[in-house]
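The values are calculated or read from the model by the stated rules, or taken from the named source; none is laboratory data. Bear in mind the structure is a predicted one, so any value in this text is a computation, not a measurement. Counting neighbours? That spans all protein chains shown, and the Cβs are built from the backbone with ideal geometry, glycine included.
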Amino acid sequence: MKYMLLIYDNADTRELFFGPEGKALGEEIEALMAELAASGELVGGEALADPAQTRSIRVRDDMPVVTDGPLAEAKEHFGGYLIVDCDSAQRATEIAARWPNARFAAMEVRPIMNSGGGQDL
Amino acid sequence: MTQPGVQDVEGLLRRLAPQALGVLVRRYGQFDACEDAVQEALLAAVGQWQNHGIPEHPRSWLVAVATRRLIDEIRADRARRAREDAVADLEERCQPAPDEPEPSEHDDTLTLLVLCCHPALTPASQIALTLRAVGGLTTAEVASAFLVPERAMAQRISRAKRMIKASGMRFELPPEGERADRLRAVRQVMYLMFNEGYTASSGSQLQRVELAAEAIRLTRMLHRLAPADGETAGLLALMLLTHARRAARVSADGALIMIADQDRSLWDQRAITEGLALVEHALASAAIGPYQLQAAIAAVHAEAPSAEGTDWRQILALYGLLERIAPNPMFTLNRAVAIAMVHGPRAGLAELAKIEGDERLAGHHRIEAVRAHMLELAGDRPGAAAAYRAAAQLTTSLPERRYLESRAAVM
């Protein structure tokens, strides 16, 4: 079963990650990524650039309207994701709990939809 | 020599893969390293045999090439200088020989299956390792069947092999007393592999026929190795009878079609005939078991001339038996469906109420889908719509979600 682990940041976590404590946090993340790669659970993941670089696009009356900044002002913003293929939602939750952002901001675990069909009975 | 087709070569290699691996492991031990070596030999064979024809003794060719790889691997491992003697010994024994009769070839394949379905491994790892070591698939093929990157699958397979090594399990058939348990574990892996292919929990198409077909091929092999085993015959029958419906369960635009609405003329009659014969023979000659009973239920559907002509009383009796010998909330849920079909939707809903609190079904979309169907039959359209919507929210399958939303919309 594949899950997306959504990594949330807030203003403070950005400072943390790029401040003096950043090195230790980076190492923590690298160790977890290496562990997930070794277990074969890691499917992919990326970190996103600062939310200040976000552009939001809405098409209204066939006209795209582009605005700078995220859709909604919020204390926490989407900062990156991991995709894992693991045996249970519980396992995905365990992985999320070990990602440093879970301590400072939050993580979300969401099952990924697939194109497989169910039983035909 | 004429050039063989790609499918000829691949089919032959998949048949020979477990035999070659069996020979290597018996000669040199080290399942882990031998499995890697055979994998490399298979990859080498694909190119060579297609261009230069299939060699006269294909299995010996594979064994010789795999042995050479094994030696190279041991040589390259400088940390193990002490093994130089072992290398010299291996080299002496690796001369290609004609296909000598291997009296224990069947035992080898069975031993490999038991090893790959080691209880210490997770089901996903058991399936992956079985597909590669016994099924002769490449890592890339296994990875694509599960839609994960090749390196992730390679990691899973080598991790699984390390766990088997650490468990100290030897390359020999389990003692008579443990054999039944081991065979049960192998059947479970085949069943999961089939379901993975049939329902494709992570596929880009509704059905990845390849994986289901591979599960059938391996189960057929297991059935040949243990022909008197009624549950193995039952499992093969269940797969054949289910797979027979594959062309009818998806519409041209990719939508899911429930069994009641399927065009039965699209069902594969050859697979049905074979499945029926298998299950009838097993039920008449072997101790009864859950796979035989599930196959018997699939047989009732297969023999019904139409959805209306389905013998639901017999299905209900079979689910009752199944629930007694192998209690499982999914069987109870399916039995509730049969009760609704025999005694009416209200009786089915009453049965459903008994299992609602079962933790093993908590959050499963199927209980809501079944409830929705029963409410629809009972004429409670708003209730059915709400249950269809609840089921649609719970499923992670896109075609299923589309189906459930479309039912909710017409209520």
Taking the stretch A:2-42 and keeping only residues that are in contact with a Pro (Cβ under 8 Å, 6 or more places away or on another chain) and basic (Lys, Arg), one is left with A:2
Among the listed residues B:216, B:257, which satisfies the condition of being outside the structural domain of residue B:403 (by TED's automatic domain parsing), buried (at least 19 other Cβ atoms within 10 Å of the Cβ) and hydrophobic (A, V, I, L, M, F, W, C)? B:216
Looking at (1) buried (at least 22 other Cβ atoms within 10 Å of the Cβ); (2) out of contact with any helix residue (DSSP H, G or I) (no Cβ under 8 Å at 6 or more places or on another chain), which is the only condition residue B:308 fails? (1)
Among B:33, B:66, B:79, which is modelled with pLDDT of 95 or more, part of a helix (DSSP H, G or I), within 20 Å of residue B:158 (Cβ to Cβ) and of a type in the set (A, V, I, L, M, F, W, C)? B:66
Filter pass, residue B:168 being at pLDDT below 90, of a type outside the set (Val, Ile, Thr) and at positive phi: yes
